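Structure first, commentary second.
The values are calculated or read from the model by the stated rules, or taken from the named source; none is laboratory data. Keep in mind that this is a model prediction, so the values were computed, not measured. Cβ placement follows ideal geometry from the backbone for every residue including glycine, while neighbour counts extend to all protein chains displayed. In case anyone asks, the SASA skips ligands and DNA or RNA and just uses the protein heavy atoms, side chains included. Shrake-Rupley method; radii C 1.70, N 1.55, O 1.52, S 1.80 Å.
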Amino acid sequence: MLNLTKLRSLLDARRPNHTLPQDLYADPDVFAFDLAAIYQQNWILAGFEAELPEPGSYLAFPIGQSPIVVVRGRDGTLRGFYNSCRHRGAQICETGSGTRSWLTCPYHQWTYGLDGTLANAPRMPAELDRAQHGLRPIHVETVAGSIYVCLAEQPPAFDAFRAQFAPLLAPHNLANAKLAYTSTLTMHANWKLVMENARECYHCASGHPELAVTYPVQGRRALLHDNVQRFERFRARVADAGLAVGPVEGPWWNALRFPLNDGAMTLSMDGRLSCAKLLCDAAQGDIGTLAWTLEPHCFAHANSDGAFMFSAMPTGPQETVVTSKWLVHKDAVEGVDYHVDSLIELWTKTNEQDCNLCEANQRGVNSLGYVPGPYSEDAESSVMRFIDWYCDEATRYLDRHIRADQRAPAPPYLAAVAGGS
């Protein structure tokens, strides 16, 4: 059983500006540690307010091994809970979305209000204190129509992200969007390999020929430093249309609006609009793309004609489920204003290509011949930022819990990771 001291040694063995030691990409105990230290401690992009349009609307999905549910209350407020009955722990809402007047456990029919309070517990004694048996809450925040959740008791500070990101996202009018399509793809690769791949375009010119038609595959660094005049012309044009550009960033997030390739209006197979009814009609819809990323798990794009989200959730040491969502204007008519096949084609192809690349990466990392290799500071600066962030987060978690272990026995939820150390 991997203990915290060994985890520390793996992190200490990491060479700066290099890929990680093999076990950090492959070991089952590192997977358990990553769920506890990374996914359960940080903000996760859950989706969009458009997915919960009315009281009783809910969105249910797992974070690691913990099913959670976000529900819109009768007062219109979004609240999040562990999706686990306070009776014997059964999952209440099936993974997915829907609408309910009450949250009723299918096992023994314990029933909760949309605010998480226990309303009915059949055949339980009258003295049961219902106030002590409501659903356990989780943190929920929103920014301009996007929803974020965190399982930590004390989540990372959120206000700076909201303050700096909201002016960029608000003009995309996501409050008037609807979910057009959702897909899931299982990649047989560690989540960190999936996210390293998602954080760079070093591979894009050869790996994503369709994406390269519209997306500037030389990457953000080249855009800001090598094509300064083009970027500044873009900045001036969209600023005249009332749009913020950025970049803005914090320890676990960044966002930037940037131009697409010449002639491209949106991220699609040919650069033409995928939806005729625009969410953002500034500059007649020629506004490039607003990209934002959150550590540990996602990136998203908001264009004039819609929005796209990519979210990576670890489900095993060498398995990651990628969820993708596409939004369009709520009044857009399928088959008239947009066609689902063309709407999703570019990112679906890109995800499938990335799946092949990530799985090949995992197979090579598993090899006896694997030795951590150097990143390109020119092409992989965002990967280096991600790996630095991961190592810093993991180290802080170890520092807290190793100190706690020295004072008291390991708590039950950590025992599987710490091996009782």
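Tabulated values for the structure
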{"read-out": "3 or more residues out of contact with any helix residue (DSSP H, G or I) (no Cβ under 7 Å at 6 or more places or on another chain) and closer than 28 Å to residue 295 by Cβ: qualifying strands (runs of 3 or more DSSP E) within segment 61-162", "value": "66-72, 78-82, 137-143, 146-150"}
{"read-out": "Near pairs, Cβ below 8 angstrom, 6+ apart or cross-chain, from segment 342-361 (in contact (Cβ under 8 Å) with a residue 12 or more places away in the chain and among the small types (Gly, Ala, Ser)) to any residue that is outside any helix (DSSP H, G or I) and surrounded by fewer than 21 Cβ atoms within 10 Å (Cβ to Cβ)", "value": "342/269"}
{"read-out": "Search result, residues across segment 24-57 that are open to solvent by 50 Å² or more (accessible area, probe 1.4 Å) and over 22 Å from residue 151 (Cα atoms)", "value": "53, 54, 55"}
{"read-out": "Test: residue 328 is of a type outside the set (D, E, K, R), part of a strand (DSSP E or B) and touching a Lys or Arg at 6+ places or on another chain (Cβ under 7 Å)", "value": "yes"}
{"read-out": "Residue 55, sole failed condition from (1) outside any loop (DSSP other than H, G, I, E, B); (2) touching a strand residue (DSSP E or B) at 6+ places or on another chain (Cβ under 6 Å); (3) in contact (Cβ under 8 Å) with a residue 40 or more places away in the chain", "value": "(1)"}
{"read-out": "Unmet requirement for residue 383, which otherwise passes all of (1) part of a loop (DSSP other than H, G, I, E, B); (2) open to solvent by less than 40 Å² (accessible area, probe 1.4 Å)", "value": "(1)"}
{"read-out": "Meets criteria (out of contact with any strand residue (DSSP E or B) (no Cβ under 6 Å at 6 or more places or on another chain), over 25 Å from residue 299 (Cα atoms) and without any contact (Cβ under 8 Å) to a residue 12 or more places away in the chain) for residue 127", "value": "yes"}
{"read-out": "Residue ID - least open to solvent (accessible area, probe 1.4 Å), chosen from residues in segment 335-378 that are farther than 19 Å from residue 213 by Cα and aliphatic (A, V, I, L, M)", "value": "365"}
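Rundown of residues vs (1) under 28 Å from residue 341 (Cβ atoms); (2) part of a loop (DSSP other than H, G, I, E, B); (3) open to solvent by less than 10 Å² (accessible area, probe 1.4 Å); (4) out of contact with any Gly (no Cβ under 9 Å at 6 or more places or on another chain), yes/no style:
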| residue | (1), (2), (3), (4) |
| --- | --- |
| 232 | no, no, no, yes |
| 238 | no, no, yes, no |
| 244 | no, yes, no, yes |
| 255 | no, no, yes, no |
| 273 | yes, yes, no, no |
| 284 | yes, no, no, yes |
| 320 | yes, no, yes, yes |
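The rows are residues; the columns are (1) assigned to a loop (DSSP other than H, G, I, E, B); (2) within 24 Å of residue 250 (Cα to Cα); (3) of a type in the set (Ser, Thr, Tyr).
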position	(1), (2), (3)
10	no, no, no
20	yes, yes, no
31	no, no, no
36	no, yes, no
50	no, no, no
